[in-house]
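Written below as structure tokens is the structure these notes are about.
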Amino acid sequence: GVSGPPLERTITLANATKVGLICTLDKNSPLKSPQVTWKRGNETISHNSKAENSWSIQLTISDSSKMGSYTCILKGQEEISAVFHLQVPKIEAREKPIITYERDVAVLLCTSPYTPMAWTWYMTSGSKQIAINDTFETDKYAIDRVSVNDTCLKIFKLTKADAGVYWCEAAFQLGKSKGKVELKVLSFTAPLKPFLAIVVEVVIFVTTIVLYELYSKRKGKR
Amino acid sequence: MQAKDSNPPDGGYGWVVVVSAFMVMGLTVAVLKTFGLFFVEIQQHFDGLASTTSWITSVTIAIFHLGAPVASSLCVRYTHRAVVITGGLLAFSGMALGFFGLSMIWMYVTTGFLQGLGISFSWTPAISIVSHYFSKKRALANAIASAGECAFAFTFGPFFQWLISQYGWKGALLITGGIQLNICACGVLMRPLTSSCLPKASHSKTEIPPGNGASRTDKEDKSPIIHKTFNWMLLRRPEFVLYTIFGILAAMSFFVPPLFLVPLSHSLGIDESWAASLLSILAVMDFAGRLLCGWYVNLRVTKTIHLLAMTITLISTSLMLLPLANNYLSLALFTGFYGFFFGTTVAVHITVLADIVGMPEFDSALGLFMLIRSTGGFVGPPLAGLIVDVAGDYRAGFYMAGATLILSAGFLVTLDQLQQRKERGSQTIIKSEKSTLPYPSLHLLKHQ
């Protein structure tokens with residue numbers, strides 16, 4: 001490695017596991033016999049194995065407190081570092097807002113690349129996030145697990161008040177991860193206006209053509 | 001004594017019909033092609049699998065093909081105009097009712113069945129009436145009309161995306177239905193030719209009742225032609241049979257390249273947005289190919305069937321070479337060639353059908369041809385998918401498509417040989433033949 005932007009790598013972890021992080025120095029590097037430290041934030045971790053040009057640490061990630069960014073710093077004439085980001089999986093949800101209509105049903109989907117232990121849905125009210133659970137009206141909300149990695153929130157009898165941002169939170173052994181879904185609720189009249197405009201245009205067009213044809217036929221007969 | 005449309009206008013109001021057919025092509029086939037944009041939305045809303053959702057399009061395509069012979073026989077009985085207007089109303093109702101989106105089955109019936117029927121009833125007569133209105137400039141007129149499909153498909157892509165982002169998929173379906181209502185407006189413009197549908201049979205396939213026939217023959221100077229509402233006798237003609245076999249093989253390969261182009265580009269490591277642009281290149285070159293071919297056929301330098309055989313060979317060459325591409329530029333180049341020659345083929349193949357069967361039978365021939373050809377369209381993609389799975393590479397699909405096309409070209413050549421042999425046979429009988437037309441066969445029968 002040479003000087004430049006620090007090297008980074010993201011490692012996605014969902015369940016408790018053992019992880020080994022290795023920093024290897026390129027043979028052609030001008031840096032010789034550097035001093036190596038492994039750090040997490042300000043905390044130094046003792047590295048337990050060393051090979052000819054690589055230094056590594058073994059970590060047992062048992063809960064969320066062990067997640068975060070681990071850096072290996074090689075100090076010599078120059079200082080080189082590489083960062084490993086240990087993160088929970090990112091939740092995939094629809095980026096564009098879901099557009100629905102009043103009195104219709106909304107279906108909000110979230111997917112996780114790894115199987116979470118549990119899902120929770122939140123609705124935003126002002127700046128607060130309220131969890132949707134059994135205390136809510138059961139004929140309004142329904143949460144289904146479509147497959148082991150998916151969750152689906154169905155909202156019935158939509159009103160304009162239901163519009164807004166919803167969060168789906170997946171709980172893993174190693175932490176929680178959220179996905180955001182935006183819901184928009186339109187009234188039936190919204191698409192109706194352009195629709196009726198087009199229908200009127202067609203009717204006018206057809207009538208004009210028919211009248212013109214009748215007119216030219218009459219003209220031809222005379 | 002070949003009874004034909006007496007003096008088709010070959011211009012004048014015919015161009016109005018061409019423009020109207022252009023619009024109908026766009027409002028039918030282009031909507032079908034871009035329906036994929038609704039796919040993910042509908043699938044997510046009904047919690048469905050990709051396969052169950054894709055049945056919507058399968059139903060539409062199936063009904064489109066099955067409805068074509070029905071539409072063409074209705075054309076013979078009632079006017080083209082009436083059938084197109086009916087088609088427009090059906091397509092509109094399919095989309096508009098789809099707005100209610102009650103269940104997946106509801107979507108199959110509305111956006112699947114009704115839409116498919118509507119598209120079929122609009123497309124078939126539109127294609128047919130253009131051929132009725134023109135004789136000398138028929139190829140050009142057909143080419144311009146069919147170019148509507150590409151032009152609209154190109155604009156509907158981003159337009160539907162915008163509609164869905166504004167109104168959601170339900171609202172977008174409703175508005176699309178309204179837009180399809182314009183098919184009716186185009187249909188009203190399709191004035192029936194007074195001579196085209198000659199004395200209509202009031203009973204299908206049997207004799208004309210004397211009263212009907214007599215009154216009609218009073219108006220016409222020529223011998224009354226019995227228009228059967230559905231002419232199975234066409235299948236007895238070897239030329240027609242050969243052409244339909246060509247159609248089946250060609251259809252088997254036509255749907256494959258657009259299907260596998262994007263996955264192939266992904267496997268080559270091309271970015272998603274660049275891959276989508278390949279389909280746009282296809283559409284633009286398709287459009288150019290159709291117009292250019294129409295103009296070229298009009299010059300009457302080559303016999304249409306020879307031209308068709310050439311274009312088919314050129315398509316299969318581009319398809320066989322396409323797998324050699326290893327980066328975006330070469331892939332785009334070969335896609336462009338494929339699109340262009342695909343356009344030329346589509347532009348000319350309907351004209352060749354008209355040349356083979358002649359105008360009186362054209363309507364039923366078109367319907368029958370579409371029906372039989374559809375089997376190729378249904379077998380093609382799954383067969384190609386199977387080959388790709390077995391070979392483990394998307395390139396195999398392109399090789400298969402290329403090979404089927406070469407096979408179909410073989411049938412075209414056989415057909416041409418058969419026709420030439422017949423011409424030579426009939427020419428030896430008619431000894432005093434003064435005609436020095438460069439291509440003796442079909443045009444001899446058509447003109448004069």
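The values are calculated or read from the model by the stated rules, or taken from the named source; none is laboratory data. Here the structure is a predicted model, which means the values were calculated and not measured. Backbone-built Cβ (ideal geometry, glycine too); neighbour counts: all protein chains shown. Please note that ligands, DNA and RNA were not included when accessible areas were found on the heavy atoms of the full protein model with its side chains. Shrake-Rupley method; radii C 1.70, N 1.55, O 1.52, S 1.80 Å.
Taking residues in the stretch B:401-419 that are in a helix (DSSP H, G or I), and partners anywhere that are open to solvent by 50 Å² or more (accessible area, probe 1.4 Å) and hydrophobic (A, V, I, L, M, F, W, C), the pairs with Cβ atoms closer than 7 Å and at least 6 places apart or on different chains are B:G402/B:M320; B:F411/B:I245.
Of the residues making up the stretch A:94-106, just one is within 11 Å of another protein chain (Cβ to nearest Cβ) and farther than 14 Å from A:K184 by Cβ, namely A:V105. Checked against (1) within 12 Å of chain A (Cβ to nearest Cβ); (2) under 30 Å from B:A276 (Cα atoms); (3) crowded, with 16+ Cβ neighbours inside 10 Å; (4) modelled with pLDDT under 90, B:A153 meets all criteria but (1).
So that you can scan it fast, the table gives a plain yes or no per residue for (1) away from chain A (no Cβ under 13 Å); (2) part of a helix (DSSP H, G or I); (3) within 24 Å of A:I99 (Cβ to Cβ); (4) of a type in the set (D, E):
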{"position": "B:A21", "(1), (2), (3), (4)": "yes, yes, no, no"}
{"position": "B:G26", "(1), (2), (3), (4)": "yes, yes, no, no"}
{"position": "B:V29", "(1), (2), (3), (4)": "yes, yes, no, no"}
{"position": "B:L32", "(1), (2), (3), (4)": "yes, yes, yes, no"}
{"position": "B:L37", "(1), (2), (3), (4)": "no, yes, yes, no"}
{"position": "B:E41", "(1), (2), (3), (4)": "no, yes, yes, yes"}
{"position": "B:D47", "(1), (2), (3), (4)": "no, no, yes, yes"}
{"position": "B:V70", "(1), (2), (3), (4)": "yes, yes, no, no"}
{"position": "B:G101", "(1), (2), (3), (4)": "no, no, yes, no"}
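When B:V40, B:V17 are screened for being modelled with pLDDT under 80, within 25 Å of B:G178 (Cα to Cα) and more than 16 Å from the chain's Cα centre (by Cα), only B:V40 passes. Residues of the stretch A:23-67 that are exposed (fewer than 14 other Cβ atoms within 10 Å of the Cβ) and part of a strand (DSSP E or B): A:Q35, A:E43, A:T44, A:S49, A:K50, A:S54, A:Q58, A:T60. What about A:S65, is it at pLDDT below 90, under 30 Å from B:I164 (Cα atoms) and either within 14 Å of chain B (Cβ to nearest Cβ) or out of contact with any Ser or Thr (no Cβ under 9 Å at 6 or more places or on another chain) (or both)? In short, no.
Under the condition of being at the interface with another protein chain (Cβ under 8 Å from one of its Cβ atoms) and either outside any loop (DSSP other than H, G, I, E, B) or surrounded by 20 or more Cβ atoms within 10 Å (Cβ to Cβ) (or both), the residues counted in the stretch B:170-191 number 14.
Taking (1) exposed (fewer than 10 other Cβ atoms within 10 Å of the Cβ); (2) at pLDDT below 80 in turn, A:D139 satisfies each apart from (2).
Would the stretch A:96-109 turn up any residue that is in a loop (DSSP other than H, G, I, E, B), among the acidic types (D, E) and in contact with a strand residue (DSSP E or B) (Cβ under 7 Å, 6 or more places away or on another chain)? Yes, the stretch A:96-109 contains a residue that is in a loop (DSSP other than H, G, I, E, B), among the acidic types (D, E) and in contact with a strand residue (DSSP E or B) (Cβ under 7 Å, 6 or more places away or on another chain).
Restricting the stretch A:1-28 to residues that are among the hydroxyl-bearing types (S, T, Y) and modelled with pLDDT of 75 or more, the residue that is nearest to A:F84 (Cα to Cα) is A:T10. Pairing residues of the stretch A:170-196 that are more than 11 Å from every other protein chain (Cβ to nearest Cβ) with residues that are part of a strand (DSSP E or B) and among the acidic types (D, E), at Cβ distances under 9 Å and at least 6 apart in sequence or on separate chains, gives A:K176/A:E169; A:S177/A:E169; A:K178/A:E169; A:G179/A:E92; A:G179/A:E169.
So that you can scan it fast, the table gives a plain yes or no per residue for (1) in the same structural domain as B:A185 (by the TED database); (2) more than 30 Å from B:G12 (Cα to Cα); (3) over 15 Å from the mean Cα position of the chain (by Cα):
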site: B:F92; (1), (2), (3): yes, yes, yes
site: B:G98; (1), (2), (3): yes, yes, yes
site: B:S103; (1), (2), (3): yes, yes, yes
site: B:Y108; (1), (2), (3): yes, yes, yes
site: B:G116; (1), (2), (3): yes, yes, no
site: B:S128; (1), (2), (3): yes, no, no
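Tally time: how many residues in the stretch A:68-95 are in contact with a Gly (Cβ under 7 Å, 6 or more places away or on another chain), buried (at least 17 other Cβ atoms within 10 Å of the Cβ) and part of a strand (DSSP E or B)? Number satisfying all stated conditions: 3.
Selection over the stretch B:91-116 of residues that are among the aliphatic types (A, V, I, L, M) and open to solvent by less than 40 Å² (accessible area, probe 1.4 Å) gives a count of 6. Here B:L314, B:L321, B:L279, B:L333 are screened, and the one residue that is modelled with pLDDT under 85, open to solvent by 10 Å² or more (accessible area, probe 1.4 Å) and part of a helix (DSSP H, G or I) is B:L279. Taken together, the residues in the stretch B:362-395 that are over 27 Å from B:F64 (Cα atoms), assigned to a helix (DSSP H, G or I) and without any contact (Cβ under 8 Å) to a residue 12 or more places away in the chain amount to 3. Among the residues in the stretch A:108-126, are any farther than 21 Å from A:K176 by Cα, surrounded by fewer than 16 Cβ atoms within 10 Å (Cβ to Cβ) and within 14 Å of chain B (Cβ to nearest Cβ)? No. Would you confirm whether any residue within the stretch A:67-86 is in the same structural domain as A:K32 (by the TED database), without any contact (Cβ under 8 Å) to a residue 12 or more places away in the chain and within 23 Å of the chain's Cα centre (by Cα)? No: zero hits.
Any chance you could count how many residues in the stretch B:60-81 are at pLDDT 85 or above, open to solvent by 40 Å² or more (accessible area, probe 1.4 Å) and of a type in the set (A, V, I, L, M)? Number of matching residues: 3. Restricting attention to the stretch B:297-311, the residues that are without any contact (Cβ under 8 Å) to a residue 60 or more places away in the chain and surrounded by 18 or more Cβ atoms within 10 Å (Cβ to Cβ) add up to 2. The set of residues in the stretch A:127-140 being under 22 Å from A:E102 (Cβ atoms) and part of a loop (DSSP other than H, G, I, E, B) consists of A:F136, A:E137, A:T138, A:D139, A:K140.
Please work out which residue is most open to solvent (accessible area, probe 1.4 Å), limiting yourself to the stretch A:198-210 and to residues that are aliphatic (A, V, I, L, M) and more than 8 Å from chain B (Cβ to nearest Cβ). Within the stretch A:198-210, the match that is most open to solvent (accessible area, probe 1.4 Å) is A:I204.
Every listed requirement among (1) in a loop (DSSP other than H, G, I, E, B); (2) in contact with a Lys or Arg (Cβ under 8 Å, 6 or more places away or on another chain); (3) within 14 Å of another protein chain (Cβ to nearest Cβ) is met by A:I143 save one, (1).
Annotation note: Cβ proximity below 8 Å between a residue of the stretch A:144-163 that is free of Cβ contacts under 8 Å to residues at least 12 places away in the same chain and a residue that is charged (D, E, K, R) (sequence gap 6+ or interchain) occurs for A:D144/A:K154; A:D144/B:D47.
The one condition from (1) facing another protein chain (nearest Cβ under 7 Å); (2) open to solvent by less than 60 Å² (accessible area, probe 1.4 Å); (3) over 30 Å from A:L153 (Cβ atoms) that A:S216 does not meet is (1).
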